[in-house]
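Just so you know, all these numbers are worked out from the coordinates, no wet-lab data involved. Everything quoted here is computed from the prediction, not taken from an experiment. We place every Cβ from the backbone using ideal geometry, glycine too, and count neighbours over all the protein chains shown.
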Amino acid sequence: MNAPEIYPVPPGFAARAHVDAAAYERLYRSSIDDPDAFWRGQAAFIDWLQPFTQVSDTRFDPDDLRIRWFADGTLNASVNCVDRHLPAKAAQPAILWEGDRAGESRTVSWGELADRVNRLANVLKGLGVGKGDVVTIYLPVIPEVFVAMMACVRIGAVHSVVFSGFSSESLENRIADAGAKVLITADEGLRGGRVVPLKHNADRAVATQPSIRHVVVVRRTGAEVPFSPGRDLWYDEAVAAAEPWCEPVEVGAEDPLFILYTSGSTGKPKGLVHTTGGYLVHAGTSWRIIFDWHEGDVFWCTADVGWVTAHTYKIYGPLLNGATSVLFEGVPTWPDSSRWWSIIERHRVSIFYTAPTALRALMREGEGPVAKHDLSSLRVLGSVGEPINPEAWRWYHAVIGGGRCPIVDTYWQTETGAVLLVPIPGAIPNKPGMAAKPYFGIRPAVVDAQGQVLDGPGEGNMCFAGSWPGQARTILHDHERFVRTYFAPYPGYFFTGDGVRRDGDGYYRISGRVDDVINVSGHRLGTVELESAISSHPAVAESAVVGYPHEVKGHGVFAYVTLKEGFAESDELRREIVAWVRERIGPIASPDIVQWAPALPKNRAGKILRRILTKVAANDFQDFGDTSTVAEPGVVDDIVHRRRQELAGSN
Ligand code: ATP
Ligand code: MG
C-alpha cells in the first residue's frame, strides 16, 4: 500500500487548542509515568461530595480482576451534569432540538432541563424507584431522553437506554436481563417520516415482564394509544404535578451509573455495567479535549441515544461541560439528503461527530446537497463506530470540512466507556483512516497470536495495558464472560477483539475484528484494508469483504459490492475491481468472487454484519444466529437470493 498522506494540524488551530503537540507529548508521558497523579488531576473536574482518598485499585489478572477508581469518593451525576451550570447558564440553551419534520424545533435551557429533571426524579421516587433500581428508557431522540437519564441518576437509579428502532422482542430481552422496575417510553416516535409505534411495542414487551411496575409515557405525536390505568402514567401530567426540587442522592464512585448493551455486530449483545465516578471523570475531561470544545461552540453528535457514542459524547460529555448541543430526531436522508447540512447551517454547528457508514451513504448523493448550505461554522469533525476508509475520510475533510477542519477519528467501545485512541486535533497531524495515538493515561499494546507484545511497527491484536477510569466493570449477571472475553486471552491486558497495525510513526490503524481476519495462503488480510481499497474505486459506494473456504488457499476473498448511483453491474466492472485491488494491495488480495449487493446487511448502529455475509459466502443459507439486531431483514433475503442465482447460473 502507498504510504498514507499526512494532514498537518491546521495553521492557527494549535495556538487556541487545549492541547498542542508539545503539551500532548509532555502530558502523555507524565500520564503514563504516574497514572494516578494524572487522573487525580483530571478528577478535580468533578464536584465530589466526599473526596476520594485512593485514585486507583486495579489489576488485569483474570484470576483476580480488580477495576476500582476513586472508590471511596461520593458524588451525584445529575448535580455535575446540570445543577452546577445553573448559576451562570440557567437561561442559556442546553439543547437545540430539531424534530423529524423540518420546521419543528425546540430549545431547552439549562433552567428548564433542571426543572424537568427534578420533577421527573420525584415522579420516579413516587413510583418506588430507589438507589440501584433499573429504569429502562425506550424513547425517540427528544430532549426527554436527557431528562429521563438525569432523573434516574439524581436518585441513584441506573438507566438502561434501548434504541427506539428496536422491536418489542429486543426491548423485552433487555428489560428481562436488567430486571427493570419502570419503563419510560413515548406514544409514538417519528423517523424519516415514518411512525414508530413505541407504546404498542412497549406494551407487548412489558406484558411478559412482571418486574416492570409502571410505564411513563411521553406524548410525542399525541396519537391515541392504549393506556393501562394504574400501571401507566402520562409524563406531562406527572411532571406538572410533581414537586420542583428533588434532593440529589449521594452515591459511591463505584456504584453503577448505567447499563448499556453493545450494538451486536458480532452476536448476542452484552449488557455492560458502567460505574459513576471513573466514567464521569473520563467522559467529561476527554470530551472537552478531543473535540477541543470552548465556550461558544455548538456541538452535534448524530449517534442515536441508544449507543455508547451518545452516552459518553452526546449526553454526559456535553452536559458535564455545560455545552450547548444539537439533538436531531430524524435521519440524514429525509426529507432529502441535505437535511444534516441544513441543520449545521441553521445552528452554526462548530463541532460535528458522526459515523463512516452515514458519510458513505451521503457521499453516494454527490456534492450537490452539501453545496446548497453554508458549513463555514465547522471547526472540528469527528468519526466513530468503525475504521473510516480513506475515500470517505477525504470526502469528509474536503467537502464537509472545507479542507480546514481536523478529523478526530475516535477509537473506543461500549466496554471502554470513553476514547482510547484519537488524534487530538491541536496536537496530532491526521493520517486518513488512522485513529492515530493513545489518549492520556492509555497504554496500547500490539500483541501477536503467541501473546508477545510487539515493539515498533507491526500488526497484531489490539490490547491495552493497565486500567482507565471509564472502563466497564462487568457484564450484567455474567462476570465470568466479562473476564473470559476481555482479560483471559492475554493475561495482564484488556483485549478489544480488534486487530491493529502500528506504523513507523507510532500511529495506530484498526484493521477490523480479529475474528474477521482472512487467511489467504498463509497471509493474514484485514477486512478493513481490503474494503478501503475496493471502496476507493470510482464506481463503488460501499463494500464488505469476508473469507470463504477455498480448497487451495485455505480462505478465498469474497467481496460484496454496492455501486454508486449511475453505475451498472457488469462482468467487465467485476474484472476492473479485481484488478484495482490487485494493483493497490497485491495479487494475494485479489477478490476471488465479487458479488453485487444493492445494500449490505447492517445492525441498527449501521455496522456491517460480516457474520451473516460469511455464512452466505460459504453457501450456508440457514440459521443466521441472533438476527435481532439486523436493521432491515429484507437485505439479507436479497443477498441470499442473488447468491443462489449466481450459483445456479454457474452450474
Ligand atoms: P458487539 O460487541 O455486540 O459485536 P460492537 O462491537 O459493534 O457490537 P460497539 O461497542 O458500539 O459495539 O462498537 C465498538 C467497536 O466498533 C470496536 O471494537 C471497533 O471494532 C469499532 N470501532 C469503533 N470506533 C472505531 C474507530 N474510530 N476506528 C476503528 N474501529 C472502530
Ligand atoms: Mg464489540
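Going by average Cβ density within 10 Å per residue, which order do the peptides 103-113, 8-18, 306-316 take, highest to lowest?
Working: 103-113: 16.3, 8-18: 14.6, 306-316: 25.9.
The peptides rank, most packed first, as 306-316, 103-113, 8-18.
Please name whichever of Phe60, Ala90, Ala43 sits farthest to the positive end of the charge dipole of the stretch 29-160, dipole taken about the Cα centre and charges placed at Cβ: Lys and Arg +1, Asp and Glu -1.
Result: Ala90, furthest along the dipole toward the positive end.
Quick check on the exposure proxy: order Arg288, Arg575 from fewest to most C-beta atoms within 10 angstrom.
Working: Arg288 19, Arg575 11.
Placing the least packed residue first, the sequence is Arg575, Arg288.
Hand me the trypsin sites (Lys or Arg not before Pro) from the stretch 115-173 located in a DSSP loop with no more than 15 other Cβ atoms within 10 Å, in residue order please.
Numbers: sites: Arg116, Arg119, Lys125, Lys131, Arg154; in loops: Lys131.
Qualifying residues, ordered by number: Lys131.
Determine the alpha carbon to alpha carbon distance for each of Lys181/Lys607; Lys125/Lys314; Lys181/Lys602; Lys553/Lys615; Lys131/Lys314 and list only those over 28 Å. Kindly include the intermediate steps, with their values, before the conclusion.
Working: Lys181/Lys607 31 Å; Lys125/Lys314 26 Å; Lys181/Lys602 31 Å; Lys553/Lys615 18 Å; Lys131/Lys314 25 Å.
From Lys181/Lys607; Lys125/Lys314; Lys181/Lys602; Lys553/Lys615; Lys131/Lys314, over 28 Å: Lys181/Lys607; Lys181/Lys602.
Report the gain in length on full extension from Asp72 to Phe621: 0.36 nm times residue separation, minus Cα-Cα distance, nm rounded to one decimal.
Working it through step by step, the gained length comes to 192.3 nm.
Does a label point 7 Å from the Cα of Arg364, set along Cα-to-beta-carbon, have any residues of the stretch 516-543 with amide nitrogen under 14 Å, and which are they?
Within reach of a label on Arg364: 539-543.
Quick one: which of 600-606, 398-404 comes out on top by average Cβ neighbours within 10 Å, and what's the full order, highest first?
Values: 600-606: 22.4, 398-404: 15.4.
So the peptides 600-606, 398-404, ranked by packing, come out 600-606, 398-404.
Which whole number of Å³ per residue matches the convex hull of the alpha-carbon atoms in the stretch 41-112? Please list the in-between numbers first.
Numbers: hull volume 11.0 nm³, N = 72.
Convex hull volume per residue, Cα atoms: 152 Å³.
Could you work out how much longer the chain between Ala599 and Glu5 gets when fully extended? Use 0.36 nm per residue separation minus the Cα distance between them, nm to one decimal. Let's see the in-between values first.
Values: separation 594, 0.36 × 594 = 213.84 nm, distance 3.03 nm.
Full extension from Ala599 to Glu5 adds 210.8 nm.
Take every DSSP beta bridge whose two residues both sit in the stretch 190-320, then give the antiparallel share in percent to the nearest 5.
Values: 7 of 11 bridges.
The answer is about 65 percent antiparallel.
Please rank Phe70, Phe487, Phe624, Phe440, fewest neighbouring Cβ atoms within 10 Å first, as an exposure proxy. Display every interim value, and only then the final one.
Values: Phe70 29, Phe487 20, Phe624 17, Phe440 24.
Arranged by neighbour count, lowest to highest, Phe70, Phe487, Phe624, Phe440 become Phe624, Phe487, Phe440, Phe70.
Considering the zone a paramagnetic label at Ala176 would reach in this model (a point 7 Å from Cα along the Cα-to-Cβ line), which residues of the stretch 186-225 have amide N under 16 Å from it?
Correct set: 202-212.
For the residues Val552, Val216, what sequence is obtained by ranking on other C-beta atoms within 10 Å, fewest first?
Values: Val552 7, Val216 25.
With the fewest neighbours first, Val552, Val216 line up as Val552, Val216.
Sort 378-384, 544-550 for me by packing, meaning the mean count of neighbouring Cβ atoms within 10 Å per residue, highest on top. Can you show the working numbers first?
Values: 378-384: 23.3, 544-550: 21.6.
Per-residue Cβ counts within 10 Å, averaged per peptide and sorted highest first, yield 378-384, 544-550.
Multiplying the sequence separation of Arg443 and Glu551 by 0.36 nm and subtracting their Cα-Cα distance, what value in nm do you get? Please report the intermediate quantities before stating the final value.
Details: separation 108, 0.36 × 108 = 38.88 nm, distance 4.08 nm.
That works out to 34.8 nm of additional length.
Relative to the longest principal Cα axis of the chain, at what angle does helix 21-33 sit, 0 to 90 degrees, rounded to 10?
Once rounded, the angle reads 80 degrees.
So what is the calculated 222 nm ellipticity per residue for the chain, using -39500 (n - 2.57) for each DSSP H run with n of 4 or more, over all residues, to the nearest 500 deg cm²/dmol? Walk me through the numbers before you get to the answer.
Details: 21 runs with 195 residues, N = 651.
Computed ellipticity for the chain at 222 nm equals -8500 deg cm²/dmol.
Which percent, to the nearest 5, of DSSP beta bridges fully inside the chain are antiparallel? Don't skip to the end; give the middle numbers.
On the way: 60 of 100 bridges.
Once the DSSP bridges in the chain are tallied, antiparallel ones form about 60 percent.
How big is the convex hull of the Cα atoms of the stretch 245-320, per residue, in Å³?
Working: hull volume 9.9 nm³, N = 76.
In the stretch 245-320, the Cα hull volume divided by residue count equals 131 Å³.
Describe numerically, in nm with one decimal, the distance between label points set 7 Å from Cα along Cα→Cβ at Phe45 and at Ala240.
Those two pseudo-labels are separated by 4.0 nm.
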